[in-house]
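The values are calculated or read from the model by the stated rules, or taken from the named source; none is laboratory data. These figures come from a predicted structure and were not determined experimentally. All Cβ positions, even for glycine, are placed from backbone atoms using ideal geometry, and neighbour counts span all protein chains on display.
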Amino acid sequence: MNLIVMKDYNEISRQAALLVAASIALKPNLVLGLPTGRTPVQMYKELVLIHRNGFVDFKNVVTFNLDEYVNLPRKNPNSYYSYMQKNFFRHVNVRKENIHIPDGMAKNIKEECTRYEELIRAKGPIDLMILGIGHNGHIGFNEPSDEFVPETHIESLTEKTRIANSKYFGSLSKVPAKAITMGLGTIMHSKKIILLASGRDKAETIKRAISGNITPRFPASVLRLHRDCTFIIDKEAAEMIKK
Ligand code: F6R
């Protein structure tokens, strides 16, 4: 596992955006795994800027989002579908048919998980996977658990995650209880993984991810077994790493 510590949130965002753009320059039909949440917002802004300046073309890029809430209509502003349109897809030229986000409103959610997993297998492997990290070590919505769940599946969100996300929904009761997420195996099959983290509130999380036990109780710890995984974090998030 590689670690890059940069000055602040803006720097890690720019670095991540440049990495994505460079990867697309090398492979125009890149298969890109994408996160939502607070952390990647600035990376998406930077990517939009790079695109507007003519330095990156998403025409042949294929994207797979990590996760989506179950039972939240796509048009709901808190759905990850809406988030992606607002922060990224509306501003760049990824083809509609190349955008993949799990359908949290599918009639049969189990079948939707299988469909999504098979689609990633058919179009993948994912060349470049961008991740954020939850305070409890979740990646995608793979919550702490007794075992690593390999494939795309339905996940019950922990209280901690629902509380963290309630700031977007206005109240805890409005946060969906379940989500569809890529599994840890799906994520680990990606050729290259970049994890972004920013802020003091992530310092303890990063310390555990880097130096704690590798355990499904702290899902991000599994990334240490990946051949090409880089954490790009700011100084605040790096504060508790032993020098
Ligand atoms: C969302 C996702 C989550 C977030 C994590 C951190 O698609 O994959 O694992 O990356 O919850 O969220 P923020 O960036 O809001 O702290």
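Tabulated data for the structure shown
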item: Looking only at the range 187-218, and only at residues there that are among the hydroxyl-bearing types (Ser, Thr, Tyr) and either modelled with pLDDT under 95 or surrounded by 15 or more Cβ atoms within 10 Å (Cβ to Cβ) (or both), the one that is farthest from the chain's Cα centre (by Cα); result: Thr215
item: Filtered residue count, the range 31-52, keeping only those that are more than 16 Å from the ligand (Cβ to nearest atom) and either part of a strand (DSSP E or B) or in contact with a strand residue (DSSP E or B) (Cβ under 9 Å, 6 or more places away or on another chain) (or both); result: 1
item: Ile187 vs. criteria in contact with a Cys (Cβ under 9 Å, 6 or more places away or on another chain) and either under 28 Å from Thr114 (Cβ atoms) or of a type in the set (Asp, Glu) (or both); result: no
item: Conditions (1) in contact with a strand residue (DSSP E or B) (Cβ under 8 Å, 6 or more places away or on another chain); (2) part of a loop (DSSP other than H, G, I, E, B); (3) among the charged types (D, E, K, R); number of the one not met by Lys242; result: (1)
item: Enumerated strands (runs of 3 or more DSSP E) restricted to the range 53-131, each holding at least 1 residues that are in contact with a Leu (Cβ under 9 Å, 6 or more places away or on another chain), within 13 Å of the ligand (Cβ to nearest atom) and farther than 23 Å from Asn29 by Cα; result: 67-69
item: Residues of the range 155-186 satisfying the condition of being of a type in the set (A, V, I, L, M) and surrounded by 17 or more Cβ atoms within 10 Å (Cβ to Cβ); result: Leu157, Ala164, Val175, Ala179, Ile180, Met182, Leu184
item: Some residue of the range 52-71 being surrounded by fewer than 20 Cβ atoms within 10 Å (Cβ to Cβ) and closer than 21 Å to Gly132 by Cβ; result: no
item: Filtered residues of the range 62-85 (kept if hydrophobic (A, V, I, L, M, F, W, C) and farther than 17 Å from Ser166 by Cα); result: Val62, Phe64, Leu66, Met84
item: Members of the range 25-47 that are surrounded by 24 or more Cβ atoms within 10 Å (Cβ to Cβ), within 23 Å of Tyr116 (Cα to Cα) and of a type in the set (A, V, I, L, M); result: Leu34
item: Meets criteria (farther than 24 Å from Lys191 by Cα and among the polar types (S, T, N, Q)) for Asn78; result: yes
item: Every residue from the range 219-235 that is outside any helix (DSSP H, G or I) and either crowded, with 20+ Cβ neighbours inside 10 Å or touching a Ser or Thr at 6+ places or on another chain (Cβ under 7 Å) (or both); result: Cys229, Phe231, Ile232, Ile233, Asp234
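Table: residues versus (1) under 26 Å from Phe231 (Cα atoms); (2) more than 18 Å from the chain's Cα centre (by Cα); (3) modelled with pLDDT of 95 or more; (4) charged (D, E, K, R).
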site: Arg115; (1), (2), (3), (4): no, yes, yes, yes
site: Ile126; (1), (2), (3), (4): yes, no, yes, no
site: Ile133; (1), (2), (3), (4): yes, no, yes, no
site: Thr152; (1), (2), (3), (4): yes, no, yes, no
site: Leu157; (1), (2), (3), (4): yes, no, no, no
site: Asn165; (1), (2), (3), (4): yes, no, no, no
site: Lys174; (1), (2), (3), (4): no, yes, no, yes
